[in-house]
Amino acid sequence: MKKLFAVLGDPIGHSMSPIMHNDLFSYYQIDAHYLPFHVKNDDLEDAVKGLRALGVGGFNITVPHKSAIIPFLDEVEELALNIGAVNTVVNDGGKLIGYNTDGPGFLRGLELYMPSIEGKKVLLIGAGGAARGIYFTLAKEKALAIDIANRTVEKASGLIEACPYSTSSSAYTLDEASRNLEEYDLIIQTTTIGMSPKIAELPLNVTNIKKQALVCDIIYNPLETLFLQEAKEIGASIQNGIDMFVFQGALAFEKWTGIFPDAERMRENVLNQLGGKTC
Ligand code: ATR
């Protein structure tokens, strides 16, 4: 019988996950289908009960339910529990187990450009949910130092205090960080600044980025934010948010099927979906 997979979110119409996973199911000849469901906050518990009753193979959770889902699951892996957010659920013989593949997805994508982060000095820009997942994942991987710069500097300090993995970190304002950008080997932009439709904005002044740095932006719409364009002009290497999106999906697919899928195929599929509407 065909297995059901799903993604729950609000809004959900823009999600590229259904096309990405359905393409993989057919490519690997797995009898399964992946559907998007628009679920409001108040309906989340019922939605999870419904998926459980239907014997779903697994599902993804997206904004705004990644934290709210946790009490409705039977088990949550350590990293997801520490991050406080689940984006992937596996139905293991009736037991719903939650994982976070966002941070690990970022790391897998990063490895295409920077094979090891051990000993690297990292600057994370932003201190919201996306930053938290990436910060905890990198801290677990033993980056030498991971500083955090945020408009609200108290949120950056709060993230550092909350991290259960040992790393050396300081919190900075965006202005302070922009003055010291030459210290960093890896700079990761996680705020919403530069995302369509606010494409003309920058989180901070990039003049001091060093040429040898790798500069990542987790935004993929537009494919090249102003931040990445300016970093590229300075001579730095750049990476957009497509890889994080693709690899979070690849890791989820692997948890559901045991197959680590063809990430290049996934990337092509996502780029095709984005075609013509990237800004
Ligand atoms: P997400 O879950 O996608 O990370 P979020 O939790 O709302 O989203 O976090 C958004 C991030 O973008 C935060 O770091 C936020 O800074 P604050 O903590 O000071 O709010 C940052 N951000 C959003 N708009 C911003 C702006 N106009 N200027 C500077 N930072 C901004």
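The values are calculated or read from the model by the stated rules, or taken from the named source; none is laboratory data. This is a predicted model, so every value here is computed, not measured. Here the Cβ positions follow ideal geometry from the backbone for every residue, glycine too, while neighbour counts run over all protein chains shown.
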Of (1) in a helix (DSSP H, G or I); (2) assigned by TED's automatic domain parsing to the domain that holds L181, L223 satisfies every one except (1)
Can L123 be described as within 16 Å of the ligand (Cβ to nearest atom) and without any contact (Cβ under 8 Å) to a residue 40 or more places away in the chain?
no
Just give me the residues in region 145-190 being part of a loop (DSSP other than H, G, I, E, B), more than 14 Å from the ligand (Cβ to nearest atom) and either touching a strand residue (DSSP E or B) at 6+ places or on another chain (Cβ under 6 Å) or not small (G, A, S) (or both), in sequence order.
C163, P164, Y165, T167, S169, S170, N180, Y184, D185
Can you find even one residue in region 208-223 that is modelled with pLDDT of 95 or more, surrounded by 19 or more Cβ atoms within 10 Å (Cβ to Cβ), within 16 Å of the ligand (Cβ to nearest atom) and of a type in the set (G, A, S)?
no
Kindly check whether there is at least one residue in region 108-115 that is buried (at least 16 other Cβ atoms within 10 Å of the Cβ) and free of Cβ contacts under 8 Å to residues at least 60 places away in the same chain.
no
Name the single residue, out of those in region 132-144 being of a type in the set (A, V, I, L, M, F, W, C) and surrounded by 17 or more Cβ atoms within 10 Å (Cβ to Cβ), that is farthest from the ligand (Cβ to nearest atom).
A143
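Here's the yes/no breakdown for (1) aromatic (F, W, Y); (2) more than 17 Å from the chain's Cα centre (by Cα):
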position: T62; (1), (2): no, no
position: K66; (1), (2): no, no
position: E75; (1), (2): no, yes
position: V89; (1), (2): no, no
position: F106; (1), (2): yes, no
position: Y113; (1), (2): yes, no
Hey, could you check region 231-249 for residues that are within 12 Å of the chain's Cα centre (by Cα) and assigned to a helix (DSSP H, G or I) and say which is farthest from V215 (Cα to Cα)?
G249
Pick from region 98-107 the residues that are crowded, with 24+ Cβ neighbours inside 10 Å and assigned to a helix (DSSP H, G or I): which of them is farthest from the ligand (Cβ to nearest atom)?
G105
